[in-house]
Protein chains: 2
Amino acid sequence: MKKFKKIKNGNVTSPDGFIADGIFAGLKSAGEDKLDLGILISEYPCEWAATYTDNKIKSSSIDYCKEVKGKIKGIIVNSGSANCCVGEQGLIDARNITNKCEEIFQSKSPFLMSSTGVIGVEIPVGLIISSIEKFSPDISGGERFSRAIITTDSKTKNVSVEVNSKNGSYKIGGVAKGSGMIHPKMGTMLSYITTDADISSRNLTKILRKSVKNSFNQIDIDGDTSTNDTVVVMSNGASGNKIDTKEDIDKFQDALDYVTQYLARLIAEDGEGISHLITVEVKGAKNENDALEVSNAVVSSSLVKTAIFGKDPNWGRIMMAIGNANAEILRDKIKIYVNGIQIAEEGKSISFHYQSVLSALNKFQIDIVIDLGIGDGRGMAWGSDLTEEYVIFNSAYTT
Amino acid sequence: MKKFKKIKNGNVTSPDGFIADGIFAGLKSAGEDKLDLGILISEYPCEWAATYTDNKIKSSSIDYCKEVKGKIKGIIVNSGSANCCVGEQGLIDARNITNKCEEIFQSKSPFLMSSTGVIGVEIPVGLIISSIEKFSPDISGGERFSRAIITTDSKTKNVSVEVNSKNGSYKIGGVAKGSGMIHPKMGTMLSYITTDADISSRNLTKILRKSVKNSFNQIDIDGDTSTNDTVVVMSNGASGNKIDTKEDIDKFQDALDYVTQYLARLIAEDGEGISHLITVEVKGAKNENDALEVSNAVVSSSLVKTAIFGKDPNWGRIMMAIGNANAEILRDKIKIYVNGIQIAEEGKSISFHYQSVLSALNKFQIDIVIDLGIGDGRGMAWGSDLTEEYVIFNSAYTT
């Protein structure tokens, strides 16, 4: 029996008891269909967990989230300004905005806040506060919320799954916002995940950390980590399914991993500038950590990225990138495959059919499989190639 | 009194007792003025020290160097093939080639060997062995040696200094080979440093590590570390100057730092594709290590590189890169200057004259100064911007 199934056109309001909205508040220059302020609300206060950027310079909106204790009512997200490097005002603004959300939506539980946009520009706090009463959140609002949090993304990123359970079923919904490779100025990665299962914050924290390590942390667009990256998971228990046994937690972990990896892949493949989605699967590593390190090193290498853009089956560059990973490597055990065709064995080139590999490199998706030949560790990473458009876009962008 | 002076047109054969040559052996396709095999020899056996790439997948030529014990006679360097990922044959080839050098030059001391070129292709060992007798090394050969070790570098990289000493003077000569940003396929960084001072291997090792940490390890072109990077320093004592007191060692360290930083900068600024040389000076760090980490993080950021290519005074990207460094950071203490103009204070933007900064960004050399405001640690890094030509060159290169 399949443990879970994907819901068609699902999003963060697919799980019971969640409503959302997205509006145009005027934070960005107006454009057709452009929303810039989103809200996600749960009918019942939620257990929650979050992970934030490793960058030592963090958005004030993240500083604010770290102050929040106990259950939360929802999240407000603005685009247009990162609320970062603006001094003490950033934290004051976040407190005032979320207080207004509590007032308007008559909640005793606090709201979280995220921001994305230009670093070093104060957020227009008056404009945001006066816009909060214009929200009309409802159960069809998940799609509008996903539109409000994107910046230069070419499409919204939504997913939802339904998980079978001893007490019927429960749902998990997810949304993400992430620049494709041509948009690193707006490079923040944001993701919000809802569930109507009933899980403690303590368990959510453990499950989320494990899931993020195997999904969002394994994407590479341009090697830079934003000041604003945030992933939040909220559990409101509306389905009546309590998740507290090892079996139920493992099942939830599998479903959440599906959701986060689905969104991670959508982020990696977004962006007009890219010509290839690159997936790297590492097996035979000493352990899972080594597999994650190696797959991440390969997908992050500028030389591998440019080789794939140029359709060059340059396995030497892949070997170089493997050797740069912080992992146990035995050069003479390594096997490499590109879209199913083996191109290296025992750390050396093998005679492969050059035209077949060239033809494989004409596909949009390039699957690199690396067998390190040491142990049982497995891991995946997702990335894009490096194209001329990336450079042109990023150099042409003016503050 | 100045401690040392730069010698006009100096190179590795400027110090007494060193001879060198570079020839065309046919390892690369012939071209006007193209040399591909170099040799550097000392009249007297040398104390020596070396640092090699951190990449876990190393060239067999490096595996061979690590076997060498005791004093050395010289170094042979080939371009065209990296002698890497070729199985056990690579080490056998290196032993045979260096044995032939000992035979031809009647030495009881061994030779080192370095290789640079394509990964995964065996070196033409017969061709190299039969070419060794064609070398005619002499004291004018330093320039020919520098031509033989370059690959797609646009110019040779040589320097030499003369250091005042209690017993007259001694000299240090240096040569480097490093791809500009458009040549990462041939991305190996090689450098050889000669001196006629008399220093023990033990002291040379300490001095070299310190010097490399502050020079070659602080250059970033494209973030990838080659399988073949090597820096060797050789001391033959021909000047009769023994360097063993703290005062003399400090003076030698200063002169060697000048040589390695001079060569590091030449590597960073080479390459047709680059439009800016970027220098990053960090002061006010908690310690020297933190300053090196922060300057390296800024010069390595794709977003900082593309902003400078696009002449965009985007201080938010510099803040983002600072925050990604493995160092102690207090956001609200940071000051940033670009070519002498302050653009951030207390971690926030200040009103700067936009046109002045734009005009500063029209210069080839962009000097970023960052004051972390915490302690006395200082450090430098050198790099290039990221241009469309980089991507085009690297994707067009075919194996």
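The values are calculated or read from the model by the stated rules, or taken from the named source; none is laboratory data. Since the model is a prediction, treat every value here as computed from it, not as a measurement. Glycine gets a Cβ as well: all are built from the backbone with ideal geometry, and neighbour counts include every protein chain shown.
A few remarks follow.
- Qualifying residue in region A:123-132 (condition: closer than 26 Å to A:ASP196 by Cα and part of a helix (DSSP H, G or I)): yes
- Pairs with Cβ under 9 Å, 6+ apart, first in region B:370-389 and within 11 Å of chain A (Cβ to nearest Cβ) and surrounded by fewer than 23 Cβ atoms within 10 Å (Cβ to Cβ), second among the hydroxyl-bearing types (Ser, Thr, Tyr) and outside any strand (DSSP E or B): B:GLU388/A:SER395; B:GLU389/B:SER275
- Counting only strands (runs of 3 or more DSSP E) that sit completely within region A:1-70, those holding 1 or more residues that are crowded, with 23+ Cβ neighbours inside 10 Å correspond to A:18-23, A:37-52.
- Of all residues in region B:95-121, those that are buried (at least 18 other Cβ atoms within 10 Å of the Cβ), within 14 Å of another protein chain (Cβ to nearest Cβ) and either more than 24 Å from A:LYS348 (Cβ to Cβ) or free of Cβ contacts under 8 Å to residues at least 60 places away in the same chain (or both) total 1.
- Residues considered: A:LYS251, A:LYS283, A:LYS213. Of these, the only one that is farther than 22 Å from A:SER154 by Cβ, basic (Lys, Arg) and touching a strand residue (DSSP E or B) at 6+ places or on another chain (Cβ under 6 Å) is A:LYS283.
- Inspection of region B:307-315 finds a residue satisfying the criterion of being acidic (Asp, Glu) and within 16 Å of B:HIS276 (Cβ to Cβ).
- Any hit, region A:314-324, residues being within 9 Å of chain B (Cβ to nearest Cβ), aliphatic (A, V, I, L, M), touching a Phe, Trp or Tyr at 6+ places or on another chain (Cβ under 6 Å) and touching a residue at least 12 places away in the same chain (Cβ under 8 Å): no
- Any hit, region A:255-269, residues being over 23 Å from the mean Cα position of the chain (by Cα) and in contact (Cβ under 8 Å) with a residue 40 or more places away in the chain: no
- Among residues of region B:72-94 that are within 10 Å of B:SER114 (Cα to Cα), those with a Cβ under 7 angstrom from a residue that is among the basic types (Lys, Arg), sequence gap 6+ or separate chain, pair up as B:SER79/B:LYS28.
- Some residue of region B:259-268 being modelled with pLDDT of 90 or more and within 14 Å of another protein chain (Cβ to nearest Cβ): no
- Scope region A:342-365; condition buried (at least 16 other Cβ atoms within 10 Å of the Cβ) and more than 14 Å from chain B (Cβ to nearest Cβ); matching residues: A:ALA360
- Residues of region B:235-277 satisfying the condition of being within 11 Å of B:ALA197 (Cβ to Cβ) and either basic (Lys, Arg) or not in a helix (DSSP H, G or I) (or both): B:SER235, B:ASN236, B:GLY237, B:ALA238, B:SER239, B:GLY240, B:ASN241, B:LYS242, B:ILE243, B:ASP244, B:LYS251
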